[in-house]
Structures are given as C-alpha cells and as structure tokens.
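Accompanying notes for the structure given below.
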Amino acid sequence: MSAGFNFGKVLVVSLLTAAALQPKAEAGWWIFGKSSGRPEIMKVFVGGVDLSGAENKFALFRENLQDGNLVVKAFFRPASKAPVAQARVSVDGGTTWQEKVTLDGDSLTLSFTPQEGKSYELRMTVTDTKGQENDPGDVPRVQFSYSRESAESVAKRDLLELAKLYAVRDLRGFVSRIAADYRGDRSSLEDALAGDFKTYRQIDMAVTPQLVLISGPEAKIRFRYNMSAVSAADGSVKNASGETELTLRSENGSFKLAGMQYPLIFGSTARSDENPAAGGVPVDTNSGSTLSGALLPGVVTGNADVTQTSGFRFGTRSNAAPAPGSVDVGVNFGGLGPYLLAYSGGSFGYILNLGYMDLSSVSAITDIGHMSESQAVNGNTYAVLTESGKYAVMQITAINTGASTISFRYMYQPSGSPRFR
Amino acid sequence: MTKEILCAFYVSTLACAQLHAGAKNAPGSLSGQGAALSGRNRFSVYDNNVSGAGADSSFLTRGLQYQNDLSLTLDSAGNTNARWALALDARFTDDRRMDSKEASLQRISYDRWSRGGQISVGDFYGNFTQYSLNQNIKGLRWTGQKIADVEVTVIGGMAKNRWDELWERGEFESLNRGVEAARVRWTGPMASEIGAQLVFTGDRRTAGSAADAYSQRLFGFSWALPSNSDLSISGESAWSGAGIDRQAAEDSSKWGGAHKISARAKLGRWRSAAEYENVTTDFITTIGAASSDLRRWLARNQIRVAAGIDALINASGYRNNLNGRGQDTVRTFSPEGGLRWSAAFNRPTLNLEAKIRQRRSIHSGGTAEQRNLSGVLSLSDQWGPLNGSLDYEHRNEARVGQQRNFRDLLGFGLSGFYRVQEITLRPFVKWDLDNDHNETASTDNAAAQAYFGLAAENIAPRLSASVSRRRSFMRQAGGDDVINKLWDLRCNYRVPWREGDSLEAGFKDNLNDFSTGSKNYRETVWEVVYVSRL
C-alpha cells in the first residue's frame, strides 16, 4: 500500500526545476508607478518579517534573532545612473541614527541587539551619488517590540486565549483573533461561530497543548480539548473531548487562527456546504479500527433515508415520525441545518461526526462523545449510540435539500458491543 | 498515586537542576563545549470534586490528579561554525482527560545549522505551502545552503501525532503515513520567488485496521512576483493523484488540482486585498490543507474618505459541487460595507465602526435559499487608565419559505490598569446579552452574562493574585432555565529560595443551576502548581 519512494526521481526533478528557475527577475511594469528620479526602498525585513505585510504594531520573538541580534535588511532600487552612496537607519523614529549600516549592492543591512519590551520605530534613508534621497513614505510606519519569550510559549498562550474567548461566547473578540489570510472562508467561519453560540448557550472549555512547532510566522499546535455546553435546543448538557490541531499565524504581536483540522472545535455548527476546517485527510480518527476486515456475525447493514418528518430506527430497520422512543436518528433542515439528530428517550442517544471517511473504515467505536446533534455533511461518517445503548455507524451518501432528504448507508451492531469487524 | 507524583516531580526537576549545575560549573562539562541548558518544569496537583444529581454532565476526572510537563532545550551557545539545539518535552499525568498515556514523550528534536545548511531530526513543522505540505512531521529534514539564490529542502518521515504510536498501538491509531518530499525554491529581488514542491505519501494500515489507505503523489508550484509596499501578487498551484485502498469497498483513484492567487495593493487612499481559489472535486492533499470541491473569491477594500475615516467595502463568494456529481450546488454571496472612524470627534482614543453584511446562499434545489443580514456597531474609547467598548449586532436570519429569526447581541466591556505604589491593578467587567427571537414560532431564547474580575500584581513582595466571577443566565423556549455561577481565584508566589521558580494556587467553583433540579451539578477544583525554570 505504501507509496514507493523514488529518490532519484525527486533529485532529477529538483535539479531540473532549479536549472529552470535561474533567470534573473527584474522589477517589472507591474510595480506601481514610482518615478525613477530618486532612489526607492522597495522592501524591508525586520527579523525576517516583511514590513509591507506587517500590522501597525507587531512583536518579534526569540526565534527572530540571529546570534542574539535583530537584523534589519532592506532592498532598494537606485535611480538611473546614480548608485546609492549612503544609507541611514534609525530604530527610534529618527531620534538617533545607527552607525553600523552595511551597504551591499542593492541592499543594506543593520544588526543590533534589541531590548525586551522597548518599542522600536524604523526610519530609513538612502542617498545616491547625485545627493537625491528616497521618499520617506517608502518605509511603512510601523512599531515593533521584542520579547525574550519563545514563539512557542506565545502560541500556547494565544491558544488558551482563543479557548477562553470561545467559552465566554465573545464573538467579536474571537473574530478579532482570526488571521486576515485565514485558509477557508472567513465569513463562513464567522457565521459558524455565531451558530455555535446560538446552539450552545453556556460553554465550559479546557484545552491542553501537546505539541507546538514553529515554522516562520506560522505555528502548528496540537492539543487535547474537553468541552461541555448547554444546548439551546433542549437544555441538556453536551460533552465533547478529543485531540485536534490548529494552524496559527503571527500577526500584530500575537498568533491568530489561520486554519483548523477535524475534529472542529470552533465553528462546529458550520453548514454542510461550508468547510471552515481546510485540513488534510486525517491519519487517526476518533473511531479506532481494531479487528479484522470482515463484519462480525449479527452486524446488520443497509441503506435508508431520513426526512424532516420521518426518522429511522436501526433495530427494526424502519422509518417513523421522529420522536424519542420511536426513532434513533432524524434530520432537521430548519435553522442553519441540515443537522443529524440522535433521539434520546432513554439514557443514551449520541452522535459523533467522524469526518470524511468510508463506512468500511470503521471497525469499532472507541469514543462517542455526548452530542445529540451534528452537522450533516455529504460523504461523512457518523458514529451513533442509540437510546437503547446499541451502536451504529452511518455514512451520508446524498443530501437533497429540495426534498429535505438525507440518504445514508449504515451498519448496526444489535449485540450492544461497539465492535463491528 | 503518591509514588507516581514523587517520581514524576523528582526525576524531572532534579534532572533539570543537575544538568543545569553541570553546565554551569563542571570543568569539561557542557559549558566547556559552549552548550547552554534551559528548561521549564511545571508540576501540578489538583483535586476535582463534582457533586449534584447531574454530576455525570461534568467532563472532569474525579479525585486527586497530577500533571507534570517538562521542557528542556540544550543548545550550542558558543561562537562555533555550527549551531545546534536539542529540545525535549515530556508529560506525566494520571488524568486521562489530559493525555491518553501516563508518561509520554511529546516532542524531541535536534536541529543543526552549519555552512552546509540546516538539518532537523525528530519533530519539525514541515511547512512548504498550504496545498503541498503543512503538517507536523517526525523524521528528517535537510535544507541546503543557498547557491545562486536557490535553496533545496528534502524531507523524509512520518505524519505521526504521537511518539508512542511508533512503538505501540495508539488509542486512535489506524494508519502509518510515510512522507517523502522535496522542494526547490528560488528567491529573487524584491521578495520574488518561485518554488516547486514534490510530495509523496503512503499509508500503511496498523495491524487489523480497516481504515482507508491513501497513496498520494503531489506536485506543486508556488510563486510571488517582485513586489514592494504598494503591490504584491503571489499564487500557488498543485496537482495531486491519490489512490484510495478500501478494505471492504472498491478501490478508487482521484486526480485533481488546486489553484489560488492573491494580491495586495495600495494606491493613494485605496488599499485592497483580493484572493481567488479553485479546488477541484477530486483534489486530495493528505498532509496539506485545502477545501475540496470549492471555488471561492474575496475582495477587501479600504478607502480613506476623510481624515481618520475609512470606508470598508468587502465581498466574498463561493460555490461548491464543481463537477455536478453532488446532489446540491450552493452559491453564496456575501457583501459587506461599512465605515471606520478613528479619533472620532477629535478625540484621539475614540474609535467608531459601523458595518452591514448580507449573506445569501442559494441551493440548486431552489427551495432552500437563505438570507442573513447583520448590522454591527462598535465603539471603543479610553479614559486615562480605563478602556471601554460597546458592541451591538442585529442579525436577521431567514430561510425562505420556512422560518425567520431575529437575533440581537449586545456587549459592553470595561478594563483598567492602575498602579498604587508597587501594586498593579487590572480590573475588568464584561456584560453581554444574546436574544434569539423565532418569528415563525414566536418564541425567544435568551442568554445574558456578567463577567468581572480583578488581577493584582505585587500585592505583597513576590505575590500576585487574581479573582474573577462569572454569572450567566439562559432561558430557552420550552426548556430549562439555567443559571451558571463561576468563581475563579488564583495566586502566584515567586519563591525566594530559587530565582525564577514560582508557586501557584488556584480554586474554582462552578455551579450549574437548572430549573429541573435533577440536572444540577457543581464542580470544585483545588490546584497547586510549582514551576521551576532553568
């Protein structure tokens, strides 16, 4: 099953690509018009951060230093026939000017030791041999500070802050911590968050970071979560727990939410046609596969439909009007639906979205959670604990919004065991 | 229990202390080789009590538990030609809510930088591009030194979440995913770049697993044009072929592509950002990130109309079911407009913002059109050490021919920063209201919350403390009313016997009071934490 790795193939493609990429790029017509009568500062980096994409205030961390120093690097374009002869850099808004600025072709470099907590403001001028200076507006007016903290500890703290904002249902506060270039539809996520706070009225959430890794301005953080919430639908308390990952991106001095993977903990009530997660295919699922591939004796399989007015009972393989005690699952196309509902007239009645996976992938249910409703997503598979304490797994094969119908295939274990294979 | 606590605590902290002492003092020790050890150990013991008829609703693990998190970093601190760092994180806990294992290695990594490039062994964040590779990897990464502005990176390893899954069967583990990837990246003047990525992944099922196994070949191409502060344009394309081996169903293979382009521009008073993305139905990325079967675009514009006043004009849209294989196609269009007034009425700290956003979704079925219209008003100001904010949002959520909801969200917050001699005080108060009126059923669901607290630093030498109180009320039509009362107290003492160490204590009392008494439950948590630093 494993993909065969051909190192030679990789090497050849790499070398060919490298060779193909050799042509020199020059600033082209697509650069917005600046006169060529004076030198121009084109790009400025501080600690590896590109100032043109930076917020008005941002923070730099231990990882931004090189050998304990902060490096300011700027690229400029001289005016025609007049090379740059002098460069000046100030990190205190022009009050004092640094002496150790190195000029090298079309770039300048300054290296200095930053002080923690101090606010810096960059000013920069380049002067050519004709005595002409660049436009002061070339360098963005931004302030930056340095923290001896590692980006990793800041990312952990910002994850806890996200969870806290979610728990106190602070929609605007949470939205302010979504990165500008969020992977996925940002407005979908905002609507899904509003939907979460409509569905769950009181939220208690605890997150425990497990693995935080940094690459450039991004952090990948894996953590364990525990959540309980009071459902606005019936006033019952729902619990969910598990592990998931977020991608965070450094912006404006903190790490902001840039991407999520299944299982979703923020925006979990997103509609079926939306996908605020934008993740890859999960390696591990909340449902472990522990036995052989063949179905255990007694496991029932089949296909079925549910509609707004007709739920399904796995034990009798029949449809009936949706009500506790009559059906195990139903669907609600109202509100921001469709939602799958697990009906509870007894002690149980839970449903867990396992994400995009095939029904045949599930051998046993190891974690069911305590949710009684879940967004319906075409192709996704769901674990169900019926109100009589029996397990079922269902995969949606079609959602017909016009006819308010969901079609699915399922397997049902009447013995009460969570194992199917 | 006691043995476990002592074991976790002493092994980790003494190891830290000994290594630290060795690094500082011993001749010929780590310090002699220019190595520096830093680290942190956080040992926590806590007691969770849950009472009441509805105690099963709590997710807390009952009783006395402990958790110990140890982080160590050993790195070369000298002026050598090669820098290196060795990092290790470990967790010990008997609380399954915190970790599935009692003792687990969370991270181990070794990085070495030299003139030849950088090599990483163990945990690292493989981050080529969004579509190709964007995942934590356990394995090996080599990035060569730039030659003629070209940099080559090669990665081999596994996309594993936990180390213990490498030598024993994990709780949720169903696959081993091998990763082999290479990237060639050329960087040019003015932040221009071209990159080519090649990523192979292959899944191998764990013993007895029936999970879908993917075998993926992905080629990606990323680029950025030469840019300055006025204009930048970048993009990425990726093509993926994935074979899916299904244990109890027919195998399948999928080929698809994903493309995106984004631009940011500034011209005079106008600032704009735009993005377009198209991900085909059959594009699968196993270790990247993409939403399949979606075409979407967005444009954000900000125009300075007068001193301190910006007009905001944004719009986004998407459609799914690109190849028509799905049952429904959904087209969504979401325009947004508003004004932001900074330093309003000549008051430097006063900021006002008003926005209106519509969201319209049309399903191919035709009967499920949804329209959401929301208006937001925000105000923030500062009076000396006191910051205040007021937000109001009205939402009209309608599904054509079915139901309509009117939702009002109101939030008010105050926070301050005061210094009284050596004491720093940070009080805050927050109040919000969320009322959801269902016009069709003529019912209301309402939630109100008051949240206030005070953090005080240096209230005595080395001592800081905080207290917060949250009280919320929820009423829903035909259901229980719920009142939640939360007290949270914490104090932190920087111990005099070891600089950098601190002792923390916390108490939390969380009461959920339902109108149906059998649902009531109360959580009381006591916690003591000792944090030691190296």
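The values are calculated or read from the model by the stated rules, or taken from the named source; none is laboratory data. All values reported here derive from a predicted model rather than from experimental measurement. All Cβ positions, glycine included, derive from the backbone under ideal geometry; neighbour counts span all protein chains shown.
Within the range B:187-196, can one find any residue that is within 7 Å of another protein chain (Cβ to nearest Cβ), assigned to a helix (DSSP H, G or I) and surrounded by fewer than 20 Cβ atoms within 10 Å (Cβ to Cβ)? Give the steps one after another, and end with the answer.
Going residue by residue through the range B:187-196, those that are within 7 Å of another protein chain (Cβ to nearest Cβ) are B:188-192, B:194, B:196.
When the remaining residues are screened for being assigned to a helix (DSSP H, G or I), the result is B:189-191.
Narrowing further to those that are surrounded by fewer than 20 Cβ atoms within 10 Å (Cβ to Cβ): B:189.
So far as the range B:187-196 goes, yes, one or more of its residues are within 7 Å of another protein chain (Cβ to nearest Cβ), assigned to a helix (DSSP H, G or I) and surrounded by fewer than 20 Cβ atoms within 10 Å (Cβ to Cβ).
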- request: With the condition kept exactly as written, say whether any residue in the range B:503-510 is crowded, with 16+ Cβ neighbours inside 10 Å, charged (D, E, K, R) and in contact (Cβ under 8 Å) with a residue 60 or more places away in the chain.
  value: no
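Okay, residues lined up against (1) farther than 14 Å from A:LEU213 by Cα; (2) of a type in the set (Phe, Trp, Tyr):
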position: B:LEU60; (1), (2): yes, no
position: B:TYR66; (1), (2): yes, yes
position: B:PHE92; (1), (2): yes, yes
position: B:ILE108; (1), (2): no, no
position: B:SER114; (1), (2): yes, no
position: B:GLY117; (1), (2): yes, no
position: B:GLY126; (1), (2): no, no
message: If I filter the range B:34-78 down to residues being in a strand (DSSP E or B) and either out of contact with any strand residue (DSSP E or B) (no Cβ under 9 Å at 6 or more places or on another chain) or charged (D, E, K, R) (or both), which single residue comes out as surrounded by the most Cβ atoms within 10 Å (Cβ to Cβ)?
response: B:ASP69
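Per-residue answers, yes or no, for (1) under 30 Å from B:GLU193 (Cα atoms); (2) touching a Leu at 6+ places or on another chain (Cβ under 7 Å); (3) assigned to a strand (DSSP E or B):
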site: B:LYS101; (1), (2), (3): no, no, no
site: B:ILE108; (1), (2), (3): no, yes, yes
site: B:GLY139; (1), (2), (3): yes, no, yes
site: B:GLU151; (1), (2), (3): yes, no, yes
- request: Give the residues of the range A:92-126 that are of a type in the set (Ser, Thr, Tyr) and in a strand (DSSP E or B), sorted by residue number.
  value: A:THR102, A:SER107, A:THR109, A:SER111, A:SER119, A:TYR120, A:THR125
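One line per residue, one yes/no per condition, for (1) buried (at least 20 other Cβ atoms within 10 Å of the Cβ); (2) within 21 Å of A:GLU243 (Cβ to Cβ); (3) of a type outside the set (A, V, I, L, M):
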| position | (1), (2), (3) |
| --- | --- |
| A:ASP185 | yes, no, yes |
| A:PHE197 | yes, no, yes |
| A:ARG201 | yes, no, yes |
| A:VAL212 | yes, yes, no |
| A:SER215 | no, yes, yes |
| A:ARG224 | no, yes, yes |
query: Among the residues of the range B:95-122, which ones are over 27 Å from A:ALA240 (Cβ atoms) and either within 11 Å of chain A (Cβ to nearest Cβ) or under 19 Å from the mean Cα position of the chain (by Cα) (or both)?
result: B:ILE108, B:SER109, B:TRP113, B:SER120, B:GLY122
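Looking for whichever is assigned by TED's automatic domain parsing to the domain that holds B:THR153, touching a strand residue (DSSP E or B) at 6+ places or on another chain (Cβ under 6 Å) and assigned to a strand (DSSP E or B) here; the options are B:PHE92, B:PHE124. Which one fits? Break it down into steps so the answer makes sense when it comes.
Details: B:PHE92 fails: assigned by TED's automatic domain parsing to the domain that holds B:THR153.
Every option except B:PHE124 fails the conditions.
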- request: Report yes if some residue within the range B:372-388 is part of a strand (DSSP E or B) and at pLDDT below 90; otherwise report no.
  value: yes
task: Name every residue in the range B:424-457 that is surrounded by fewer than 18 Cβ atoms within 10 Å (Cβ to Cβ) and within 18 Å of B:GLY479 (Cβ to Cβ), in order of residue number.
output: B:ASN435, B:HIS437, B:THR440, B:ALA441, B:SER442, B:THR443, B:ASP444, B:ALA448
message: It is to be established whether one or more residues within the range B:328-341 are among the small types (Gly, Ala, Ser) and facing another protein chain (nearest Cβ under 10 Å).
response: yes
- request: Go through (1) surrounded by 17 or more Cβ atoms within 10 Å (Cβ to Cβ); (2) over 30 Å from B:ASP47 (Cα atoms) one by one and return the number of the condition B:ASP95 breaks.
  value: (2)
- prompt: Which pairs do you get when a residue that is within 21 Å of A:SER145 (Cα to Cα), found in the range A:95-114, comes within reach of a residue that is aromatic (Phe, Trp, Tyr) and surrounded by 17 or more Cβ atoms within 10 Å (Cβ to Cβ), reach meaning Cβ atoms under 6 angstrom, with the pair 6+ apart or on two chains?
  reply: A:PRO114/A:TYR146
- request: Identify the single condition in (1) more than 30 Å from B:GLU180 (Cα to Cα); (2) at pLDDT below 85; (3) facing chain A (nearest Cβ under 9 Å); (4) touching a strand residue (DSSP E or B) at 6+ places or on another chain (Cβ under 7 Å) that B:ILE362 does not satisfy, given that it satisfies every other one.
  value: (3)
field: Total residues in the range B:393-414, condition surrounded by fewer than 16 Cβ atoms within 10 Å (Cβ to Cβ) and of a type outside the set (A, V, I, L, M, F, W, C)
entry: 6
message: Suppose we filter the range A:403-417 for residues that are more than 30 Å from B:SER364 (Cβ to Cβ), over 33 Å from the mean Cα position of the chain (by Cα) and touching a residue at least 60 places away in the same chain (Cβ under 8 Å); how many remain?
response: 5
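Which of the residues belonging to the range A:252-266 are in a strand (DSSP E or B) and in contact with a strand residue (DSSP E or B) (Cβ under 7 Å, 6 or more places away or on another chain)?
Filtering the range A:252-266 down to residues in a strand (DSSP E or B) leaves A:254-260.
Of everything in the range A:252-266, those that are in a strand (DSSP E or B) and in contact with a strand residue (DSSP E or B) (Cβ under 7 Å, 6 or more places away or on another chain) turn out to be A:PHE255, A:LYS256, A:LEU257, A:ALA258, A:GLY259, A:MET260.
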- request: Identify, from the list B:LEU339, B:LEU322, the residue that is more than 25 Å from B:PRO226 (Cβ to Cβ) and buried (at least 16 other Cβ atoms within 10 Å of the Cβ).
  value: B:LEU322
task: Considering only the range B:244-357, give the strands (runs of 3 or more DSSP E) lying wholly within it that have at least 1 residues that are more than 18 Å from A:ASP181 (Cα to Cα) and among the acidic types (Asp, Glu).
output: B:309-320
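Residues that are within 9 Å of another protein chain (Cβ to nearest Cβ) and at pLDDT below 80: list the helices (runs of 4 or more DSSP H) wholly contained in the range A:140-250 that include at least 2 such residues.
Details: elements: A:151-167, A:171-175, A:186-199.
By residue number, A:186-199.
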- request: Tell me which residues, restricted to the range B:38-82, are at pLDDT below 85 and more than 28 Å from B:LYS508 (Cβ to Cβ).
  value: B:SER38, B:ASP75, B:SER76, B:ALA77, B:GLY78, B:ASN79, B:THR80, B:ASN81, B:ALA82
